[in-house]
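S.K.: One structure follows; several queries about it will come next.
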Amino acid sequence: MTDWKVFFDGILTERDLKINEPMSRHTTYGIGGPADVFVTPQTEEQLIEILRKADAEGIAVTVIGGGSNTLVSDKGIRGITICMNRMKQEMTCEGEWITASGGTGTGTVARFAEKNSLKGFEWAVGIPGTVCGAVFMNANGYGSQMKRVVEEVYAITRDGKEKKTYGWDDLHYGDSDSVFMHNGDIIVGVKLHLSPGNPEEIKREMTEHQISRRTKQPLEKRSAGTMYLRPPGYHVGPMIKDCGLIGFSIGDAQVSTKHPDFVVNNGHASCQEILDVLHEVQKRIMEKYHVHVPLDVRIIGEGVQQER
Ligand SMILES: Cc1cc2nc3c(=O)[nH]c(=O)nc-3n(C[C@H](O)[C@H](O)[C@H](O)COP(=O)(O)OP(=O)(O)OC[C@H]3O[C@@H](n4cnc5c(N)ncnc54)[C@H](O)[C@@H]3O)c2cc1C
């Protein structure tokens with residue numbers, strides 16, 4: 001058994017380290033069993049030291065940002081869970097380029113772009129979580145996606161030994177896919193390339209998106225956003241509706257009655273209940289339409305595995 005206080009001695013203060021920390025406190029779903037140890041580094045130096053030491057001692061490391069696209073197992077997470085959203089938040093604007101680092105929120109970056117009269121990131125204004133999480137997921141909305149605005153990404157390898165700069169071509173962006181889903185590097189910053197815009201128009205577009213989200217999405221309930229990837233040529237929402245699955249529930253996990261692509265937590269849903277609802281939706285759509293609907297949520301922790 002690792003003595004975590006000894007392990008992190010000289011790297012983190014006790015305030016930045018929680019043992020047996022329920023992950024339900026750190027996911028927008030409010031779901032997830034205990035992380036053996038949950039840490040919130042604030043500097044790149046701390047992050048690098050943690051990664052190097054974990055690598056040297058063969059301890060598993062899991063990374064989260066704002067936990068807004070993550071479903072954590074009921075058994076929790078073994079090893080070290082690094083939460084990036086307390087990393088020092090810095091943003092700069094030079095001409096058409098915005099650089100944002102650490103735990104900066106995606107919405108905060110969108111507002112910063114507005115303040116600097118730059119357009120191209122209005123769609124991201126209501127997306128929860130960190131901009132580094134959005135880079136990882138290739139977050140998208142209102143016809144755009146990170147892929148269209150990211151110019152460079154700054155990362156640290158999982159063993160903490162190397163700092164890397166990724167150009168656009170290196171990111172291998174796909175539908176909710178990026179190189180980081182395959183190589184495990186930890187993203188610490190991003191440079192976006194936007195274009196000059198009219199501040200009033202930027203603001204108006206953001207307001208429209210915010211209203212649209214409030215009207216269409218079940219923001220009053222806990223969730224991790226939309227749960228499925230769209231198979232080419234299909235729309236998932238209408239298929240869910242057609243299968244009679246609106247409001248379908250197992251325990252406190254329910255297909256949203258407001259937006260069928262969301263599976264909400266009505267109170268005390270477990271990870272397993274959310275997965276059971278997702279699998280039932282996949283099964284019923286397969287039976288009716290003979291198409292596989294992949295999942296668009298990150299599934300992490302003991303006893304579960306990433307599915308698509
Ligand atoms: C109400 C609601 C609305 C949403 N609307 C949208 C939407 O319009 N469009 C959209 O695309 N998504 C949406 N989402 C999903 C989610 O907010 C985004 O995918 C978001 O970008 C995830 O960021 P995060 O920091 O919360 O990532 P997390 O959920 O913490 O992590 C997601 C994945 O990224 C990895 N990760 C996070 N940070 C890093 C890092 N620094 N380095 C390496 N890996 C990292 C994690 O390991 C995990 O696999 C919504 C979610 C909710 C709850």
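The values are calculated or read from the model by the stated rules, or taken from the named source; none is laboratory data. Only a predicted model underlies this, so the values are computations on that prediction, with no experimental measurement involved. Note: ideal-geometry Cβ built from the backbone for every residue, glycine included; neighbour counts use all protein chains shown.
S.K.: Is it the case, given these coordinates, that ASN140 is surrounded by fewer than 21 Cβ atoms within 10 Å (Cβ to Cβ), of a type outside the set (Val, Ile, Thr) and under 23 Å from ALA60 (Cβ atoms)? Reasoning before the result, please.
M.R.: Details: surrounded by fewer than 21 Cβ atoms within 10 Å (Cβ to Cβ): yes; of a type outside the set (Val, Ile, Thr): yes; under 23 Å from ALA60 (Cβ atoms): no.
Criteria not met by ASN140.
S.K.: Would you mind listing the strands (runs of 3 or more DSSP E) fully within region 33-151 where at least 2 residues are away from the ligand (no atom under 13 Å from the Cβ) and charged (D, E, K, R)?
M.R.: Qualifying strands (runs of 3 or more DSSP E): 90-94.
S.K.: Identify, from the list ILE211, ILE202, the residue that is β-branched (Val, Ile, Thr), surrounded by 16 or more Cβ atoms within 10 Å (Cβ to Cβ), assigned to a helix (DSSP H, G or I) and modelled with pLDDT of 95 or more.
M.R.: The match here is ILE202.
S.K.: Against the definition (among the aliphatic types (A, V, I, L, M) and touching a residue at least 40 places away in the same chain (Cβ under 8 Å)), how does VAL188 come out, yes or no?
M.R.: Spelling it out, VAL188 is indeed among the aliphatic types (A, V, I, L, M) and touching a residue at least 40 places away in the same chain (Cβ under 8 Å).
S.K.: So is GLN282 assigned to a helix (DSSP H, G or I), away from the ligand (no atom under 16 Å from the Cβ), within 28 Å of SER178 (Cα to Cα) and touching a residue at least 60 places away in the same chain (Cβ under 8 Å) or not? Let's see the steps before the verdict.
M.R.: On the way: assigned to a helix (DSSP H, G or I): yes; away from the ligand (no atom under 16 Å from the Cβ): yes; within 28 Å of SER178 (Cα to Cα): yes; touching a residue at least 60 places away in the same chain (Cβ under 8 Å): no.
In short, no.
S.K.: Here's a follow-up. Of the residues GLY143, GLY79, which is modelled with pLDDT under 95 and either in the same structural domain as ILE48 (by TED's automatic domain parsing) or closer than 27 Å to ASN198 by Cα (or both)?
M.R.: Matching residue, one of GLY143, GLY79: GLY143.
S.K.: Could you tell me which numbered condition THR13 fails, if it satisfies all but one of (1) surrounded by fewer than 17 Cβ atoms within 10 Å (Cβ to Cβ); (2) on the phi > 0 side of the Ramachandran plot?
M.R.: If we test THR13 against (1) surrounded by fewer than 17 Cβ atoms within 10 Å (Cβ to Cβ); (2) on the phi > 0 side of the Ramachandran plot, just (2) comes out false.
S.K.: Got a number for residues in region 216-232 being assigned to a loop (DSSP other than H, G, I, E, B) and of a type in the set (Lys, Arg)? Break it down stepwise before answering.
M.R.: Let us first name the residues in region 216-232 that are assigned to a loop (DSSP other than H, G, I, E, B), namely 217-221, 223-225, 227, 229-232.
Remaining after also requiring of a type in the set (Lys, Arg): 221, 230.
The total comes to 2.
S.K.: Would you pick out the residues in region 233-274 that are within 16 Å of the ligand (Cβ to nearest atom), part of a helix (DSSP H, G or I) and closer than 23 Å to ASP74 by Cβ?
M.R.: Answer for region 233-274, where residues must be within 16 Å of the ligand (Cβ to nearest atom), part of a helix (DSSP H, G or I) and closer than 23 Å to ASP74 by Cβ: CYS271, ILE274.
S.K.: Within region 231-240, is there a residue that is closer than 30 Å to SER117 by Cα and in contact (Cβ under 8 Å) with a residue 40 or more places away in the chain?
M.R.: No - not one qualifying residue is present in region 231-240.
Matching residues to (1) β-branched (Val, Ile, Thr); (2) closer than 18 Å to MET23 by Cβ; (3) touching a Lys or Arg at 6+ places or on another chain (Cβ under 8 Å):
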{"site": "CYS243", "(1), (2), (3)": "no, no, yes"}
{"site": "ILE250", "(1), (2), (3)": "yes, no, no"}
{"site": "ASP276", "(1), (2), (3)": "no, no, no"}
{"site": "ILE300", "(1), (2), (3)": "yes, yes, no"}
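S.K.: Using the structure shown, decide if ARG15 is within 30 Å of ARG222 (Cα to Cα), more than 20 Å from the chain's Cα centre (by Cα) and outside any strand (DSSP E or B).
M.R.: Here the answer is yes, as ARG15 does meet what is asked.
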